[in-house]
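One structure below.
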Amino acid sequence: MNISLVPVLVLCLFALPLLLALFSTPLSADPANGQAQLEQLLSEIRDRVNTTATVQCTFEQERKLSVFDRPILFTGKMALSRPDKLRWENVSPIPSVLIFAGDRGIRCNDDAPPVHFELEKDPIMNMVAEQIWTWVDGDYARLRSKYDITLTADREIELVPLTSDLSRPIARIRVTFASGNLHPETIVIHETEGDSTTIRFADYQLNQPVDDKLFTACYP
């Protein structure tokens, strides 16, 4: 695997069905009322995820590094089939595929032979998988042991780590949700050293048939 892509995967993955309900009224200045709104949102997130069996979408990923003058841009597509199958495919500029299916996975880089792995025996991929399923699980009440979660706008939440973690140097994560399907529209991950990653999702297809070959082969 191209090791330079691992930090991008670890920081970016994650986030797929952070679903948020759209409020028609402004956020309350009353902390107690604001907390009640957040609790309602988290409940609706969990309920909506439980009714979404499959997700397919495209994405654009912009990586800003302090060592480069220009951002690095990736485009790709994602497919997810609950409860435990996910495919993250970078189409350009560097083709690559990462597949998780249960406790096993496959990674491919361009024309290189596919590498099969077991999560139990691959610490890096196990960490990536843990991040992915943390975000797509939908039980965000569980994240409160690691993040301070606040509602910052009608369709936007922010997550700030409660403790620093050198293996995941995240300062804060801000997620903006689409007004239509309530799935993430934009995710911005700010790192402690000033770098950032922005992921923009589009072309959502929910609860549509997904070819199972997408989770068994890099390029079926």
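The values are calculated or read from the model by the stated rules, or taken from the named source; none is laboratory data. For clarity, every value in this text was computed on a predicted model and none was experimentally measured. Cβ atoms come from the backbone with ideal geometry, glycine included; neighbour counts cover every protein chain shown.
List of remarks:
- Of residues in segment 51-95 being in contact with an Asp or Glu (Cβ under 7 Å, 6 or more places away or on another chain), among the polar types (S, T, N, Q) and at pLDDT 90 or above, the one farthest from residue 112 (Cα to Cα): 58
- When the strands (runs of 3 or more DSSP E) confined to segment 48-138 are screened for residues that are β-branched (Val, Ile, Thr), those reaching at least 2 such residues are found at 54-64, 72-81, 96-101.
- Taken over segment 179-220, the residue count meeting the criterion of being among the charged types (D, E, K, R), outside any loop (DSSP other than H, G, I, E, B) and over 15 Å from the mean Cα position of the chain (by Cα) is 4.
- Pair list, Cβ < 9 Å and 6+ apart or interchain, from segment 113-129 residues that are on the phi < 0 side of the Ramachandran plot to residues that are of a type in the set (Val, Ile, Thr) and surrounded by fewer than 13 Cβ atoms within 10 Å (Cβ to Cβ): 124/3
- Pair list, Cβ < 9 Å and 6+ apart or interchain, from segment 44-70 residues that are under 25 Å from residue 197 (Cα atoms) and free of Cβ contacts under 8 Å to residues at least 24 places away in the same chain to residues that are surrounded by fewer than 19 Cβ atoms within 10 Å (Cβ to Cβ) and among the basic types (Lys, Arg): 70/64
- Considering segment 132-141, and only residues there that are surrounded by fewer than 18 Cβ atoms within 10 Å (Cβ to Cβ) and either modelled with pLDDT of 70 or more or of a type in the set (Ser, Thr, Tyr) (or both), the residue that is farthest from residue 169 (Cα to Cα) turns out to be 133.
- Just one residue in the set 198, 176 is in contact with an Asp or Glu (Cβ under 9 Å, 6 or more places away or on another chain), modelled with pLDDT under 90 and surrounded by 15 or more Cβ atoms within 10 Å (Cβ to Cβ); that residue is 176.
- In the condition set (1) more than 26 Å from residue 81 (Cα to Cα); (2) of a type in the set (D, E, K, R); (3) modelled with pLDDT of 75 or more, residue 165 is compliant with all but (3).
- Selection count where residues are more than 23 Å from residue 61 (Cβ to Cβ) and surrounded by 13 or more Cβ atoms within 10 Å (Cβ to Cβ), scope segment 104-118: 1
- Taking the numbered list (1) over 20 Å from residue 53 (Cα atoms); (2) part of a helix (DSSP H, G or I); (3) touching a residue at least 24 places away in the same chain (Cβ under 8 Å) in turn, residue 144 passes all entries but (3).
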